[in-house]
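Working notes for the structure below.
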């Protein structure tokens, strides 16, 4: 019979137990570090994926509007015209400056530049399938007139269509209203403030002379593409004239968008060198209006007709917050992003813009996030497809 020594009948020794505990703790610590690292990597990857997706959606949305901008508004008579407008649902035309005067021009794009903070960018386009038909006024129209006598039957001008009344010579104000009558054989357009005509309110002061003003048809109000993009509290927002999204408050389109920036691309050729019917070119980028036509006044109607393209940038933020070491500051992002730093097209000086990515009210330091900037240049094709003066 084999006997087990007394020293072996009482299990593990204290030394063996302590060694086992230490090895177990080391293994647990290693496993926790692996899990923590994998979780951080997963969060960063998911945050980067959301950042890419949100940024691409935002840039596509703005770029899509830019590609359609100016349709129906490219006639030199109304392009850049200071327009009086009232909407019962609260949409307002974007403000701009003409010299030292505040105006609300009709143009393919209007940029409200805010330095390093997010810009507000507005795109305008009509939708008339008739190629924006026009009529000439045959009698004077006083301020607040609800009827306009025209030179021929108003065929193609349907009830509810959005109309722009504009003087043929630049300098006067335009008026944006809706046709309220439905007589296809009439030689008169009525714009009474009926219940269903959302643009026929307000107290317009514009006056028009017979045989010196025109009426343009931009198409049905339900498909009018007046769309303003902005950023608030990390969300991309849209305010528009569409039937589903028109209200005094903008609707949210994408999250984790901390800024949008835009610049006009001007064709600065002047005099006989400026032949838009032969094509436009970009010679200068600017977030503000310039005296592109050399008239001495920055932002007059002709300057808006010198816009050949728009440069857009969207800055998206990751969802994941990169936590710093205890007592240390975040270093995930150490400098504010810079957009528009590259020359586009080649030979045209870039105007780099530093973007403030801090979100108002966010308790987390902006340096704890990752950011990605998305940029594009969109040619305003409708600007070149204009009728000759």
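Laboratory data are not the source of any read-out in this text; all were calculated from the coordinates shown. Remember, it's a predicted structure, so these values are computed and weren't measured experimentally. As a convention, Cβ positions derive from the backbone with ideal geometry for all residues, glycine included, and neighbour counts pool all protein chains shown.
Running a GNM on the chain with Cα contacts under 10 Å, which residue among 221, 253, 346 ends up with the highest mean-square fluctuation? Per the Cα network of the chain with a 10 Å cutoff, 346 tops the list.
Express in nm, to one decimal, how much length is gained between residue 335 and residue 188 on full extension, taking 0.36 nm for each residue of separation and deducting their alpha carbon distance.
That works out to 46.8 nm of additional length.
Determine the calculated [θ] at 222 nm for the chain from helices alone, applying -39500 (n - 2.57) to every DSSP H run no shorter than 4 residues and normalising by the residue count; nearest 500 deg cm²/dmol. Rounded to the nearest 500, it is -5500 deg cm²/dmol.
Among 364, 21, 109, whose mean-square fluctuation peaks in a Gaussian network model of the chain (Cα, cutoff 10 Å)? So, out of 364, 21, 109, the one fluctuating most is 21. Evaluated at q = 0.13 Å⁻¹, the base-10 log of the normalised Debye intensity for the chain, with identical point scatterers placed on the Cα atoms, takes the values -1.06.
So what's the projected area for the stretch 231-357, the Cα convex hull averaged over all directions, in nm²? Intermediate values should be presented prior to the final figure.
On the way: hull surface 48.0 nm².
Seen from a random direction, the Cα hull of the stretch 231-357 projects 12.0 nm² on average.
A Förster radius of 35 Å, combined with the Cβ-Cβ distance separating residue 147 from residue 288, puts the computed FRET efficiency at roughly 0.30. Pairs of Cα atoms nearer than 8 Å and 6+ residues apart set the relative contact order; for the stretch 65-123 it is 35 percent. Estimated from the Cβ-Cβ distance and a Förster radius of 45 angstrom, the FRET efficiency linking residue 297 and residue 326 is about 0.15.
Once the piece of chain linking residue 168 and residue 255 is laid out straight, how much longer is it, given 0.36 nm per residue of separation minus the C-alpha distance between them?
Values: separation 87, 0.36 × 87 = 31.32 nm, distance 4.44 nm.
That works out to 26.9 nm of additional length.
A simple spin-label model places the labels of residue 277 and residue 19 9.7 nm from each other, with each point 7 Å out along Cα-to-Cβ.
Largest GNM mean-square fluctuation among 296, 172, 126, using the chain with Cα springs under 10 Å: 296.
Among 228, 180, the ranking by other beta carbons within 10 Å of each residue's beta carbon, starting with the fewest, stands as 180, 228.
Where the alpha-carbon atoms of the stretch 136-268 are placed on the principal axes, they occupy 53, 41, 26 Å, in descending order. Taking Cα atoms only, the orientation of helix 14-68 departs from the longest principal axis of the chain by about 10 degrees.
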